Amino acid sequence: MHLIAQDGRFFLNHLAGSPTYDVMIFNLPNPSTILINRLYTEEAFRLARTLLKPGGLLSTHLAFSPDYLSPELENLGASLYRTLTAVFDSVIVLPEYTAFYIASADRPLELDPKPLISRFVERAIATSYISVPYLEYRLTTDRIEQVLTAFKANRTAVANRDTRPIACYYNLVHWISSLHPRAAQAMAVAGRAKPRHIAAALSAFFAIMLLRLRRAPGGASLWAMAVASFTLMACEVAIILGFQIFYGYLYYRISLIIACLMLGMAAGSWAAVQVQPGIRSSTLMKLHAELALYAALLIPLFGVLAPAMQRNALVVQVLFLAMAALLGGFVGFEYAAVTTLYLAAHHDDHRRTGWVYAVDIIGSCAGSLLISMWLLPVVGLPPILTALCALNILTAAALWAGNSGH
C-alpha cells in the first residue's frame with residue numbers, strides 16, 4: 001500500500017490525463033462544505049475519469065435513509081446521480097443507510113449478483129462484513145429500483161459543479177430538515193429561485209435604497225461604500241473558491257489570501273490619504289467602474305483560463321494572491337474616499353464617521369452571507385460576477401448623474 005498525504009483535488013489536478021487506476025473510491029463525508037464538495041463535482045469526476053484504465057470503476061457514497069426518502073434527501077441524492085451520469089456512461093446506486101454510487105465510463109454495469117458471488121467464493125476472500133447473503137441482498141433489493149426511479153423523475157435537483165456547489169446547499173437543507181422542517185421548506189423554496197427572479201428582487205431593493213440614500217447629505221457616498229463592501233466580500237468568496245478549485249486546497253494558505261487582501265486595503269487607504277484634497281464624487285465613479293471591470297475579468301478566469309492554470313501551482317498562487325491584494329486596494333481607497341466626502345457633506349462632524357463604518361459592515365455582512373450561503377450554490381459564480389459588474393456600473397452611473405446634476 002502506497003499512502004499519499006495530499007489533498008485529493010490537488011492530486012487529481014496534477015495527475016489528470018494518465019490512466020493509472022482500475023478502481024477509484026472517494027470515501028468522504030457528505031458534501032457539507034465547499035472544501036469537501038470539490039470531490040463531488042462534475043469537474044472532479046471528469047479528472048478522475050482520465051485516471052481510470054479501460055474498464056475502470058469509480059465509487060463514492062452518501063449517508064442515506066433507505067426507509068424514507070425525504071424530498072431534501074432526494075434532491076441531494078439526485079444531484080449526485082445527475083453529476084455522475086454527466087460524466088460516466090453507466091451509473092448504479094445501491095441504497096441502504098449508506099448509498100453507494102458506482103460508475104463506469106466504458107462498460108455497462110449490471111446488478112446480477114451471481115458473477116460477483118462466484119468470484120468471491122472462488123477466491124476465498126476473508127472478510128469481516130461481506131458475505132454471500134449480503135452481496136445478494138445489496139444487488140437485488142427492490143429499493144434500488146425505487147430510488148433510481150425517484151432520482152430520474154426528480155425535476156428539482158441539478159448537477160453539482162465547481163462554480164455552482166449546489167450539493168452543499170442540498171446537504172444543508174437536508175440537515176436542517178431534521179431540526180426545523182419549516183425552515184428547511186423555506187430554504188428549499190429559496191433554492192428553486194430562478195436567476196431572473198433573484199435579479200429582479202435585488203434590483204428593486206437596491207433601487208429603493210439608492211433613492212432613499214441620495215436624498216440625505218452624503219447619502220450617495222454611503223451607497224457607494226455599501227456596494228463596494230458587498231463587492232469586496234463577494235469577490236473574496238470567489239477568490240477563495242477559485243483557489244480551492246485550481247490549486248487544490250486552502251489550509252494555511254487562506255491566511256496568505258486574507259493577508260494580501262488586508263495589505264491591499266492598507267495600501268489603498270494610504271494612497272487615498274495622500275491624494276485626499278483631490279477626492280471628488282468623480283473619484284468614486286472611477287473606482288466603481290474599475291470594480292465593474294475587476295468582476296468582469298473574473299468571469300473568463302473561471303472559464304477560459306481554468307484548464308491552463310490547473311497544473312501550474314506557482315502561477316495559481318501568485319495570481320490569486322495578487323487578485324486579493326488588488327481587490328483590497330480598490331476598497332481600501334474607497335473607504336478613505338467615502339469618509340472624506342461624507343464628512344465634507346456634514347461640515348467635518350467627525351461624530352458621523354460611525355455611519356461609514358456601519359454601512360461598510362452591513363455591506364460586507366450582506367455580501368458574505370448572501371453569496372456564500374445562498375446565491376453561490378443556487379445560481380452559480382458566473383451570474384454573480386455578471387450581477388456585480390452590472391451593480392457597479394449602475395453605481396458609477398448614479399454617481400455621474402448626481403455629479404452632473406450638482
> Which far-off residues, 5 or more places away or on another chain, put their amide H under 5 Å from the one on Ile25, with H placed in the peptide plane?
Replying inline: Ser59
> Could you give me the ³J(HN,Hα) list for region 317-327, computed from phi with Karplus coefficients 6.51, -1.76, 1.60 and θ = phi - 60°, whole Hz, x at Gly and Pro?
Replying inline: 5, 5, 4, 6, 5, 5, 5, 5, 5, 5, 4
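So what is the calculated 222 nm ellipticity per residue for the chain, using -39500 (n - 2.57) for each DSSP H run with n of 4 or more, over all residues, to the nearest 500 deg cm²/dmol? Write down the numbers at each step before the final one.
Numbers: 18 runs with 265 residues, N = 406.
That calculation yields -21500 deg cm²/dmol at 222 nm.
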> Label Val121 and Asp348 with points 7 Å out from Cα along Cα→Cβ: what is the distance between them in nm?
Replying inline: 9.5
>> Students often get this wrong: which residues of region 102-127 have the backbone nitrogen under 14 Å from the point 7 angstrom along Cα-to-C-beta of Thr141?
In response: none
>> Restricting to bridges with both residues inside the chain, how much of the DSSP beta-bridge set is antiparallel, in percent to the nearest 5?
In response: 70
> If you plug each phi of region 134-140 into the Karplus form 6.51 cos²θ - 1.76 cosθ + 1.60 with θ = phi - 60°, what whole-Hz ³J(HN,Hα) values come out, in order, with x for Gly and Pro?
Replying inline: 5, 4, 5, 5, 5, 9, 10
> Want the number for Ile258 to Ile362: 0.36 nm per residue separation, take away the alpha-carbon distance, what's left?
Replying inline: 35.5 nm
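Where does region 8-189 land on Rg(C-alpha)/(2.2 N^0.38 Å)? Intermediate values should be presented prior to the final figure.
Working: Rg = 16.9 Å, N = 182, 2.2 N^0.38 = 15.9 Å.
The value comes to 1.07.
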> Can you give me the Cα centroid spacing of region 18-61 and region 114-136 in angstrom?
Replying inline: 25
> When Cα extents along the principal axes in Å is calculated directly from the model, which label among (i) 147, 51, 42; (ii) 89, 46, 31; (iii) 71, 48, 42 fits?
Replying inline: (ii)
> What shape does region 135-197 take by its C-alpha gyration tensor, where a ≥ b ≥ c are the square roots of the eigenvalues and a/c under 1.5 counts as rounded, a/b above b/c as prolate, and the rest as oblate?
Replying inline: prolate
> HN-Hα J couplings of region 176-192 from phi, Karplus 6.51/-1.76/1.60, θ = phi - 60°, integer Hz, Gly and Pro as x?
Replying inline: 5, 4, 7, 10, 8, x, 5, 5, 5, 5, 5, 5, 5, 5, 4, x, 9
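Bear in mind these aren't lab numbers, they're just calculated from the coordinates by the rules spelled out. Predicted model only: the values in this text are computed from it and were never measured. All Cβ positions, even for glycine, are placed from backbone atoms using ideal geometry, and neighbour counts span all protein chains on display.
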